[in-house]
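The values are calculated or read from the model by the stated rules, or taken from the named source; none is laboratory data. Since we're looking at a predicted model, the values are computed, not measured. No Cβ is skipped: glycine too gets one built from the backbone with ideal geometry, and neighbour counts run over all protein chains shown.
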């Protein structure tokens, strides 16, 4: 409508020009943004199916051979299994403990609750895996949990627990209390009420947290890198750095196929959550 | 006397019943609908707190002590660590390698988070308010993808992009055999981290922009405001608090990220050795656990300052 008005008066030409330049600028900007974000990813799309993958992005000589090699490589598929163990282990740990804690914090005003919640928020943001790597390493050595997957699960779980309690408490707060009250009238004990009433009602929150925890652990490199030594226990995020050819060069056929296999689960989960619940919780989903 | 006694007893009873009533009221106001009671509630909270205390808080406190010793990973000082007071801190603050690392970290945070991620994120979010929905979802998908891909994979993507001999960038720009990661290590990890993290700023700003009243935009347009004036006078006042939140969060994350290690390992010659990488190399590669802990504590203190500023702003926003 603006441009129509513009053509009507004498300043038609500069206005049209400005409109044209604006459109050009917009298109150029979008093209540059897309180029910046798409070009690095192309390698992940082409190289896994290329008979002779190199670091250059090129139209592949199509093959599934790289995946065959990958399945025969000792430790490759097992490392994905390790990633699953770590991710599910951490997920179960934070879901169970986080649900119990956030439910109680939501329903009962324990003295100092608000301070506790603020302190937790503070702790989770200042004590990070990188800032606490030295004492974490030593603690695990002393506890005999070095080189153990349980140790990695405990460290990762404690690191994300404050955030889990925060988000879950919000969900728990929004559950109507009348259901619990009637369950209580029928004589149900608190744990029973949490399991039979609270958990089903908080399912969207719990699902969100579950996916979030899995994504966090799946991509984590530093903690397993520091705490695990035995190759057969190491997750995919670390194992990917061990794929070298006999000549000491990175084995690109293996790495590219493995990268794709390793990335697909988290990408799928993200978009599942996005379409189902929206990205309303993106605040802490990846740090 | 008995009269007084009876009186006292009666009033006590009354007070007691009042107290019971008040207590009852408070419980229902609290919404203790499952009848947990304080004791059981504490028992529900305890396991999570115990986990946090042992594996998150204790290591942080231990850093305090370790930073005051000459503890080493191997050798004599590994079995017989000695208390050295604030020597480690004096060493750190006078060590050119630490100061270099601190400076690089500031540059990294400023370049990739404060400027790179928030400016690019805002620019994209703003542009996406003026394009068709199809274009919007395509752009957002790819920006988001960079954020989602696990860091081990995204660093490989960038190694492939920046490689000296077969890298895509050299092929595209015809820049011969430029070894980007060796010649421009800081620039490389700054651009890389911008690529990874822009999605968060984009998402945050796009929801913030959605809350700017369209009527104000319209009237500023009618008043003849250009894009820049509109941005400054109409949009920015509305999203100021989002800008602050975004800046502080991405500053914290960028400050603590270890991922650049996978690209440059801090090299060449310490030229991209940001603090997390410096601590890793100092403590676990070179074995100076005590010195590394001292640097860790300095890092935690810097985190604390950033987080406190954040909490302060949050509280101001609430009130």
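Would you check if residue B:77 is farther than 26 Å from residue B:251 by Cβ and assigned to a helix (DSSP H, G or I)? When the stated conditions are applied, residue B:77 passes them. Kindly evaluate residue A:111 against the criterion of being without any contact (Cβ under 8 Å) to a residue 12 or more places away in the chain and more than 7 Å from chain B (Cβ to nearest Cβ). It is true that residue A:111 is without any contact (Cβ under 8 Å) to a residue 12 or more places away in the chain and more than 7 Å from chain B (Cβ to nearest Cβ). Exactly one residue among A:184, A:192 is surrounded by fewer than 17 Cβ atoms within 10 Å (Cβ to Cβ) and either under 29 Å from residue B:282 (Cβ atoms) or assigned by TED's automatic domain parsing to the domain that holds residue A:126 (or both), and that residue is A:192.
The residues listed here are A:88, A:70; of these, the one that is outside the structural domain of residue A:236 (by TED's automatic domain parsing) and within 26 Å of residue A:266 (Cβ to Cβ) is A:70.
Looking only at residues in the range A:202-254 that are away from every other protein chain (no Cβ under 12 Å) and under 30 Å from residue B:287 (Cβ atoms), the one that is surrounded by the most Cβ atoms within 10 Å (Cβ to Cβ) is A:228. Residue B:133 satisfies every condition listed in (1) within 12 Å of another protein chain (Cβ to nearest Cβ); (2) closer than 23 Å to residue A:29 by Cα except (1).
All of B:167, B:121, B:111, B:103 fail the test of being within 12 Å of chain A (Cβ to nearest Cβ) and at pLDDT 90 or above, apart from B:121.
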